[in-house]
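The values are calculated or read from the model by the stated rules, or taken from the named source; none is laboratory data. This is a predicted model, so every value here is computed, not measured. Every residue, glycine as well, gets a Cβ built from its backbone with ideal geometry; the counts of neighbours run over all protein chains shown.
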Amino acid sequence: MVHLMCLLQLLLFEGVMLELGLGAILSAGTFVSAFVVGFVAIYAAPFAVDPAPFIRDVFFYLTAALSLFYVYLSAEIFLWQAIAFVGFYVFFVAFVFWMDLGVEGERKKDVFELVESRKDYEVLEYGERMGTGEGEKSVAGKSGILGKISKVWEVPVSTLLKLTIPQTTPSEWSRFHLSANIALCPLALLYSFNSIIPMNHKIVFLVPYTHFPLWLVVLLASISLALVHYIVETEPPETEQMPVVLIAFVMSVFWISTVAGELLNCLAVVGTILDLPPALLGLTVLAWGNSIGDLVADVAVAKAGQPAMAMAGCFAGPMFNMLVGLGTGLVFQTADAYPMAYKLQFHISIVVAFVFLLLSLMGSLFVVTLFKFRVPRFWGFCLVGLYILFTAVSLVIARFSR
């Protein structure tokens, strides 16, 4: 979700931000399909992969990347093409379900084995950390100190989230927090639509011929409802309530979107200060930040004894970001330009990112098929080297394109 909202934030802006978003999507895809897959192969190879799902995932991702490359080289995109990207992912999901209908209980068995193996790995890792030696106690003491220091910023953040995101489970119900949610959530949502309806828009409220800012009217109304709720509601609900769950989801998306927007603003400032092109920021900093979670998760799955499952996740996730994240953002952009095409700005670093992404996908498809659907260790080193070469080429292009 964080990845998707960050990409949507990027793609809802024109020019520099769009270029930054394209670079982030492509570089993140290259990072996962080359560096992460390579790291998993180095750690766990040789291991076998299921032929049908492997060919399916790589083929669909490769088709999506080639289609996007063609559209980018044409320097324009129409509304129907942007919708087609999202529709292609819907078709992919339907195709996956269709294939899995013939596998009776196999996926459930794999998931159960993965959960059990990850539990064993976590227990083992926890046991190693909880040793009785003096050195281990010293490390635990240092971790406790760091944990206390982290509370300095964790407490304000968690408090703010509790005041704006409703708790959905009855056991965590709090009359004060829920009343605060009623008072503050409308104001937060009004802020998210500030570009459409300004918060300081003047309206007549209660007093004739007197104009109040919109945010004040919303705040007074929501505080009144919050006070009524605090007085009337004294007992927690017996079960989860769907409106509360829906509001919690909307507010979670709001905070993710807000944080993603601030991240992009920080990246833009860094690029301005260091005189770095936006495409380079997307190809490096933003892509690494979006993909480091994939690296940690996939390596953990590989350590849990499921390298094939870890490798499968390296293709479906980036394809979702490309087709849904990029596709949805471009739908908004092309809808504004409809019926004309939305113009795409050409940048050589974007082309390089396309080339290396396609090389990693086609190389993995060829090598794994050649070795009868077993991943060799040497291919892991090749993929890691390919990503290092991609990063080096991107830096050289950025250096000479100023």
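Numerical summary
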item	result
I247 being surrounded by 17 or more Cβ atoms within 10 Å (Cβ to Cβ), touching a Cys at 6+ places or on another chain (Cβ under 7 Å) and closer than 22 Å to S158 by Cβ	yes
Filter result for S171 (modelled with pLDDT under 85, of a type in the set (S, T, N, Q) and within 16 Å of E233 (Cα to Cα))	yes
Index of the failed condition, G325 passing every other in (1) among the small types (G, A, S); (2) touching a His at 6+ places or on another chain (Cβ under 8 Å); (3) outside any helix (DSSP H, G or I)	(3)
Residue among P376, P339 that is over 25 Å from the mean Cα position of the chain (by Cα) and at pLDDT below 85	P339
Residues of segment 338-355 satisfying the condition of being buried (at least 19 other Cβ atoms within 10 Å of the Cβ) and more than 14 Å from I397 (Cα to Cα)	Y342, L344, F354
Residue within segment 45-67 that is modelled with pLDDT of 90 or more, surrounded by fewer than 17 Cβ atoms within 10 Å (Cβ to Cβ) and farther than 21 Å from G317 by Cβ present	no
Of residues in segment 379-402 being under 29 Å from the mean Cα position of the chain (by Cα) and aromatic (F, W, Y), the one surrounded by the fewest Cβ atoms within 10 Å (Cβ to Cβ)	F381
Some residue of segment 314-323 being modelled with pLDDT of 75 or more, closer than 30 Å to R374 by Cβ, surrounded by fewer than 20 Cβ atoms within 10 Å (Cβ to Cβ) and of a type outside the set (F, W, Y)	yes
Residue that is surrounded by the most Cβ atoms within 10 Å (Cβ to Cβ), among those in segment 215-235 that are among the hydroxyl-bearing types (S, T, Y) and closer than 11 Å to A180 by Cβ	S222
Residue in segment 73-84 that is among the acidic types (D, E) and more than 24 Å from S364 (Cα to Cα) present	yes
Matching option when the condition is modelled with pLDDT of 75 or more and either among the acidic types (D, E) or outside any helix (DSSP H, G or I) (or both), among P237, P208	P237
Residue under evaluation M311, criteria (1) at pLDDT below 80; (2) not in a helix (DSSP H, G or I), criterion not met	(2)
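Results for (1) touching a residue at least 24 places away in the same chain (Cβ under 8 Å); (2) within 27 Å of F85 (Cα to Cα), shown as yes or no for each residue.
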{"site": "G325", "(1), (2)": "yes, yes"}
{"site": "K343", "(1), (2)": "yes, yes"}
{"site": "S349", "(1), (2)": "yes, yes"}
{"site": "F381", "(1), (2)": "yes, no"}
{"site": "S394", "(1), (2)": "yes, yes"}
{"site": "F400", "(1), (2)": "no, no"}
